[in-house]
Amino acid sequence: MPHALAVDDDPNFLLALAELIEGQGFTVNTATTLRDARQRLSRQTPDIVLVDLYLPDGNGIELLKDFDPVRPTQVVLMTGHADLESAVQALRLGASDYLTKPLDIGRLKSILGKVANESAEERPAPIEIPAVEVGRFGLLIGQSPSMQDVYSLLARVAPTDATVFVIGESGTGKDLAAQTLHMLSARARGPFLPLNCGAISPTLIESELFGHERGSFTGAQRRHQGYFERAHGGTLFLDEITEMPIELQVKLLRVLETGQLTRVGGDQPTEVDVRVITATNRDPAAAVGQGKLREDLLYRLQVFPVTMPPLRERGGDVEQLAEHFLGELNERSGTPKAYSADALDRLRDHPWPGNVRELKNVIHRAYILADAEIEPRHLPHALAPEAVPTRALHFEVGASIEEVERRLIIATLDLHGGNKRKTADVLGVSLKTLYNRLNAYRMV
């Protein structure tokens, strides 16, 4: 039978916690101080330790130093004071997870269940925190100090099941951060499902998230599994969480706390084991003030917040990203295109209000327009304001009709400052046709 040690200076909380742990099939010892905890540890090595951050004779983090990293004991830190600094410190010292009070019972049961299963079998080797490389981490690229800080946070929290709240402007790579967290987690072999809460009709999002039963509404001809069920055993990424209808946030909070959901039109709860990562391009506190985000949900989501820096604050990352995007395009098409020195200067000097997404689209457009070398004239006028828009294109004999058409469309769009309706009129095509072409070029 697996064994647990619970450490907290609140006797009532400790009693309730011990009963919950025993209900999950564990034997339990309890302690109210660091000294007591160390005495218990000297007598028996537990499979899991749940320890409060603030104890009468010291900080619960100190207990982490008593464990050999290769020993199988998992340590979960508990605190009513959710702050990023203590979370990062605990994870760096070897904590396997981090829970805020009041405890998320569903998540705690999930943690205990995994420990119990591992104690019944051969415990797998502990997950190693990946080393942070200069210039790249997972799917993220950049070597600026601000990105190195992000890499360090992601490396520490990835192996845990902690809920992560990614905050940043549009185009900063929040989705890539979420995918990186999944790739480096114990759930990497499970599904990763992204859902943009602002891209789904408010009338459909509940069914998409939690599923529905047959006949629960007009058109519901069969049972439908929602994102939570389909992400079971993996990660669910809820992008633009502040766009979720406020009334639905109550149900989301309940699922996060209990690990159970009820499909629309159903009355039987369904257990789900899902790590949730959320993201927003708003200031979370301001979103609460504007009624866009429930305050209790915010507390539950930001167990571990990570802020993605805007591109304008990332210095030399612009050139590294530009070379990366161009390299991808060259590899895909078998071309050797490169930047002129002046073009790189333009890219470095631009403030990039649209962040990495804007940079990527600009590089794609310039690649289409350039023959061998990307020059300032191939960049949008905002990057080269003194440049005179060219009204001529040059093509090599033998260029494909598809390539000629693509370059003509992009150049005309650029000439008219991105005005799609005017571009369509000049080209003599419908607006829908233009959108279809731009979508094919991945420029919408």
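Based on the mean of other beta carbon atoms within 10 Å per residue, what is the order of 274-284, 105-115, most packed first? Present the calculation step by step, with values, prior to reporting the outcome.
Numbers: 274-284: 22.5, 105-115: 19.0.
In descending order of packing, they fall as 274-284, 105-115.
Among I61, L434, I141, whose Cα lies farthest out toward the positive end of the dipole of the chain, if unit charges sit on the beta carbon of Lys, Arg (+1) and Asp, Glu (-1)?
L434
Which residue, V404, H3, Y299, has the largest displacement toward the positive end of the dipole of the chain when charges sit on each Cβ (Lys, Arg +1; Asp, Glu -1)?
Of the options given, the answer is V404.
Check which residues have an amide H placed less than 5 Å from Q74's amide H, if you skip close sequence neighbours.
Residues meeting the amide H criterion: I48, V49.
Which whole-Hz couplings ³J(HN,Hα) result when phi for each residue of the range 352-361 is put into the Karplus expression 6.51 cos²θ - 1.76 cosθ + 1.60, θ = phi - 60°, listed in order with x for Gly and Pro?
Here the 3J(HN,Hα) series is 6, x, x, 6, 5, 4, 5, 4, 4, 5 Hz.
Relative contact order for the chain using alpha-carbon pairs under 8 Å, separation at least 6, rounded to a whole percent? It would help to have the intermediate numbers written out before the result.
Working: 722 pairs, mean separation 53.0, N = 444.
12 percent.
If you count, for each residue, the other Cβ atoms within 10 Å and average over each peptide, how do 313-320, 25-32 line up from highest to lowest?
Numbers: 313-320: 16.9, 25-32: 18.4.
Descending mean neighbour count gives 25-32, 313-320.
Going by Cα centres, the range 356-383 and the range 245-267 are how many Å apart?
About 45 Å separates the Cα centre of the range 356-383 from the one of the range 245-267.
Restricting things to alpha carbons, find the Rg to Rh ratio for the range 312-440 using the Kirkwood radius for Rh. Working shown, then result.
On the way: Rg = 14.7 Å, Rh = 15.4 Å.
Using Cα coordinates only, the ratio equals 0.95.
If you take the square roots of the eigenvalues of the alpha-carbon gyration tensor of the range 222-339 and sort them as a ≥ b ≥ c, do you get rounded (a/c under 1.5), prolate (a/b over b/c) or oblate? Spell out each step's value before the answer.
On the way: a/c = 3.20, a/b = 1.72, b/c = 1.86.
Judged from the Cα gyration tensor, the range 222-339 comes out oblate (a/c at least 1.5, b/c at or above a/b).
Search the structure for amide H atoms under 5 Å from the amide H of G234, placed 1.01 Å from N in the peptide plane, and list their residues when 5 or more places away or on another chain.
Long-range HN contacts for G234: R275.
In what sequence, highest mean first, do 183-193, 364-374, 333-343 appear when ranked by Cβ atoms within 10 angstrom? Walk me through the numbers before you get to the answer.
Working: 183-193: 16.5, 364-374: 18.9, 333-343: 13.3.
Top to bottom by mean Cβ count within 10 Å: 364-374, 183-193, 333-343.
Give me the percent of DSSP beta bridges within the chain that run antiparallel, rounded to the nearest 5.
Numbers: 9 of 47 bridges.
Rounded to the nearest five, the antiparallel share is 20 percent.
Note the listed values (1) 136; (2) 187; (3) 160, then indicate which one is volume of the Cα convex hull per residue in Å³ calculated from this particular structure.
This structure yields the entry labelled (2).
Placing +1 at every Lys and Arg Cβ and -1 at every Asp and Glu Cβ, with all other atoms neutral, what dipole size does the chain have around its Cα centre, in debye to the nearest 20? It would help to have the intermediate numbers written out before the result.
Details: 48 positive and 60 negative charges, 232 e Å.
So the dipole magnitude of the chain works out to roughly 1120 debye.
Every read-out reported here was derived from the displayed coordinates using simple, explicitly stated rules and does not represent laboratory data. Since we're looking at a predicted model, the values are computed, not measured. Neighbour counts run over all protein chains shown; Cβ positions are idealised from the backbone, glycine included.
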